[in-house]
Amino acid sequence: MSDPYPPIPHERVRFEVMRMWWRDLLFIHYPYAPEVVQALLPDDLTIDTWPDADGIQRAWVALVPFEMVVGTPGGLRLPLIGTFPETNVRTYVRGPDGTPGVWFCSLEAGGLLASLTARAAYGLPYFWADMSIDAGRRATDGVWRYDSTRRWPRRRTTDGALPSHHSVVRIGTPIADGDVSDFERFLTSRWGLYSRFPSMDAARAFSVYAPVDHGCWPLFRGELLELDDELLDAAGLPEPTGDPVVHWTPGTEVRIGRPRRASRAGIRQPSSVP
């Protein structure tokens, strides 16, 4: 594949399992030593790296709070239960065939039903949480606040607390589509997700891949004003060092395809088929 992070999906989703809208989303990316993050992955996935400012290859881990709107295939939005805040800890990997994608270390969600459904259908490590997004300043100075405290399952941090997240960001200047850097595409042009279906017999556990189809993010630069996070610790990661890379986006529509067992069948080429 000539471009592993193209502006269009590797694989267009023709038969969606669900439709989503990811809104008012904050990306906070930190660099890590690749071996540190690789230790959290199943054996058939490999950490995807990008060099830092010093030219050292790094794994990149993101804190991603946003508002989730869930719909049915075809785009019918679910009333009442279909809109809730979410906060993800995610990193970037390649599957057995080299296909790039996202690996979620954890996903906090303000909706219990959605958490249970995603755990069962995709094997994703969802946690039910008390969450909020401060919308009070949307029309004034562009400052957003995100808060979360885990409720269930009650996996705790190393000091025994229930993990929480608090961040405040000021939205900066927009980034024109033609000005999105290769590094920013590495962080955001991700057209699939990997997860692991566990088993009582560890030898029977296997990784799955689901294609993800969405529009290009309308990216803005962001200034992180406050951060108090315990989700990285709860995911088994050490405290990050250095300044984070921060972006914000009003969001986009997302279509999720059927999960399938990750294999060595070969990377699918980008397609322009709608």
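The values are calculated or read from the model by the stated rules, or taken from the named source; none is laboratory data. As the structure is a computational prediction, the values presented were derived from the model and not from experiment. Neighbour counts are summed over all protein chains in view; Cβ atoms, including those assigned to glycine, are modelled from backbone coordinates with ideal geometry.
General observations
A quick yes/no check of all residues on (1) closer than 18 Å to residue 29 by Cβ; (2) in contact with a Ser or Thr (Cβ under 8 Å, 6 or more places away or on another chain):
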{"position": "177", "(1), (2)": "no, no"}
{"position": "186", "(1), (2)": "yes, no"}
{"position": "195", "(1), (2)": "no, yes"}
{"position": "204", "(1), (2)": "no, no"}
{"position": "213", "(1), (2)": "no, no"}
{"position": "217", "(1), (2)": "yes, yes"}
{"position": "233", "(1), (2)": "yes, yes"}
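- Filtered residue count, the range 1-17, keeping only those that are in contact with a strand residue (DSSP E or B) (Cβ under 6 Å, 6 or more places away or on another chain) and surrounded by 19 or more Cβ atoms within 10 Å (Cβ to Cβ): 4
- Annotation note: Cβ proximity below 7 Å between a residue of the range 68-93 that is loosely packed, with under 13 Cβ neighbours inside 10 Å and a residue that is modelled with pLDDT under 85 and in a loop (DSSP other than H, G, I, E, B) (sequence gap 6+ or interchain) occurs for 81/111.
- Search result, residues across the range 77-126 that are in a strand (DSSP E or B) and among the β-branched types (Val, Ile, Thr): 83, 87, 89, 91, 93, 102
- Filtered residues of the range 18-40 (kept if farther than 25 Å from residue 217 by Cβ, touching a strand residue (DSSP E or B) at 6+ places or on another chain (Cβ under 8 Å) and not in a helix (DSSP H, G or I)): 33, 40
- Count of residues meeting criterion [over 20 Å from residue 16 (Cβ atoms) and either at pLDDT 75 or above or within 18 Å of the chain's Cα centre (by Cα) (or both)] in the range 116-140: 10
- Boolean, residue 13 is among the β-branched types (Val, Ile, Thr), within 21 Å of residue 257 (Cα to Cα), modelled with pLDDT of 95 or more and in contact with an Asp or Glu (Cβ under 6 Å, 6 or more places away or on another chain): no
- When the range 46-63 is filtered for residues that are in a loop (DSSP other than H, G, I, E, B) and within 19 Å of residue 232 (Cβ to Cβ), the ones remaining, listed by number, are 48, 52.
- The range 211-239 residues that are under 21 Å from residue 70 (Cβ atoms), paired with ones that are at pLDDT 95 or above and among the charged types (D, E, K, R) (beta carbon under 6 Å, 6 or more apart): none
- The one condition from (1) in a helix (DSSP H, G or I); (2) closer than 28 Å to residue 133 by Cα that residue 227 does not meet is (1).
- Scanning the range 18-38 turns up at least one residue that is in contact with a Gly (Cβ under 7 Å, 6 or more places away or on another chain) and acidic (Asp, Glu).
- Residue match in the range 70-81 (condition: more than 22 Å from residue 208 (Cα to Cα), of a type outside the set (Phe, Trp, Tyr) and touching a helix residue (DSSP H, G or I) at 6+ places or on another chain (Cβ under 7 Å)): yes
- Taking the numbered list (1) over 17 Å from residue 26 (Cβ atoms); (2) modelled with pLDDT of 90 or more; (3) of a type in the set (Lys, Arg) in turn, residue 154 passes all entries but (2).
- Consider the range 221-265 and keep the residues that are over 19 Å from residue 108 (Cα atoms) and of a type in the set (Gly, Ala, Ser). The one that is farthest from the chain's Cα centre (by Cα) is 265.
- Being touching a Leu at 6+ places or on another chain (Cβ under 9 Å), hydrophobic (A, V, I, L, M, F, W, C) and at pLDDT 95 or above is a property that does not hold for residue 219.
- Counting the residues of the range 226-256 that are among the acidic types (Asp, Glu) and under 30 Å from residue 176 (Cβ atoms) gives 3.
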